[in-house]
Amino acid sequence: MGEEIIENIKQIQARITAACVQSGREIADVQLLLATKTVNAERIKIAIENGYPLIAENKVQEIKQKWDTLEHVPHQSHFIGHLQTNKIKDILRYNVSCIQSVDRLDLAQKLDQRLTYEGKTMDILIQVNTSAEESKFGVPPEEALALIKEVMLLPTLNIKGLMTIGLFSTDTLKVRACFKRLKELQQSIEALQLPRVQMKELSMGMSNDLEIAIAEGATIIRVGTAIFGQRQYPDSYYWNENTYSTR
Ligand SMILES: *Cc1c(COP(=O)(O)O)cnc(C)c1O
């Protein structure tokens, strides 16, 4: 079981290397994040212990379930799912170092309130909906700057960059357009030199489109299926509140 995971990671690593060579980028500038939704904690532990310490969940519930096993395994944890405001208190218990999916002001404000109360700070990315698909979360690109100008006023939140989920399509031109859009947004916001706003990170690219994302400037790619295998649940369970009850 463990060998398969490690073999898969090696293959992803090879794909990252090839994509970096092709696009003239430094391999060290692209971080591999393991998207671990539905993967049991023992399997995640194997990946972490073999040198891949950056993981991310989509649901606070799953972080909680895996915490007993992973608490004492040194690793770094991001959050990449739709975060409901009633889960904020909960998520702050689990050492999450970056919430990549901040996509609305009320979430940012409530995060800031709770972080202030606890005397903590949090790195965040602004999630942008570059594909205009209804099933996904994220602020529309044309509203991203306005959101950032509000969020930068919240002292406990450190904006580090942008995140997006590319269009699910075999039309690579359309997929590439999503990533290009995020890159353009990053550059235009960076040029404004807004106080407390960093635009270093571009989290984009998954199992099927990581090469395109790297070519367009991804600094974090998020890979699940290609490492851990197919999931039991359809992704709409994680990405579309209307399809399934999220409790
Ligand atoms: C599941 C997930 C991924 C990984 O997708 P794969 O196709 O399994 O590699 C990346 N980002 C987000 C936000 C996810 O929910």
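Derivation of every value follows stated rules applied to the coordinates shown; laboratory data play no part. It should be emphasised that the depicted structure is a prediction, and the values quoted were computed from it without experimental measurement. Cβ atoms come from the backbone with ideal geometry, glycine included; neighbour counts cover every protein chain shown.
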Going Cα to Cα from Lys174, which lysines come in below 17 Å? Please leave out same-chain ones fewer than 8 positions away. Lys136, Lys183
Let me know the shape class of segment 58-175, please: from the alpha-carbon gyration tensor, a ≥ b ≥ c as square roots of the eigenvalues, rounded when a/c is under 1.5, otherwise prolate if a/b is greater than b/c, or oblate. oblate
Computed over the chain, the relative contact order (Cα-Cα under 8 Å, seq sep at least six) in percent reads 20
Per-residue ³J(HN,Hα) for segment 51-56, Karplus 6.51 cos²θ - 1.76 cosθ + 1.60, θ = phi - 60°, Hz, x for Gly and Pro: x, 10, x, 9, 10, 8
Enumerate the amide H contacts of Asn158 below 5 Å, restricted to partners 5 or more residues apart or on another chain; note that Pro and chain-start residues carry no placed amide H. Met122, Asp123, Ile124
Other residues with Cβ under 12 Å from the Cβ of Val30 give, with Lys and Arg +1 and Asp and Glu -1, a net charge of -2
One finds the C-alpha centres of segment 63-85 and segment 107-169 to be spaced, in Å, by 19
Sparsely packed GluC sites (Glu not before Pro) within segment 82-138, loop by DSSP, other Cβ within 10 Å at most 12: Glu134
Could you please rank Met206, Met152, placing first whichever residue has the fewest other Cβ atoms within 10 Å of its Cβ? Met152, Met206
For the chain, what does the helix formula give at 222 nm: sum of -39500 (n - 2.57) over DSSP H segments with n ≥ 4, over the residue count, nearest 500 deg cm²/dmol? -13000 deg cm²/dmol
Restricting attention to the alpha-carbon atoms of segment 3-76, what are Rg (one decimal) and Dmax (integer), both in Å? 13.7, 41
From the square roots a ≥ b ≥ c of the eigenvalues of the alpha-carbon gyration tensor of the chain, which class results: rounded (a/c under 1.5), prolate (a/b over b/c), or oblate? rounded
Taking segment 1-112, how many lysine pairs are there with alpha carbons less than 23 Å apart, if each pair must be eight or more places apart or span two chains? 21
For Gln127, the residues 5 or more places away or on another chain with a placed amide H closer than 5 Å to its own amide H are Val102, Asp103, Val139, Met163
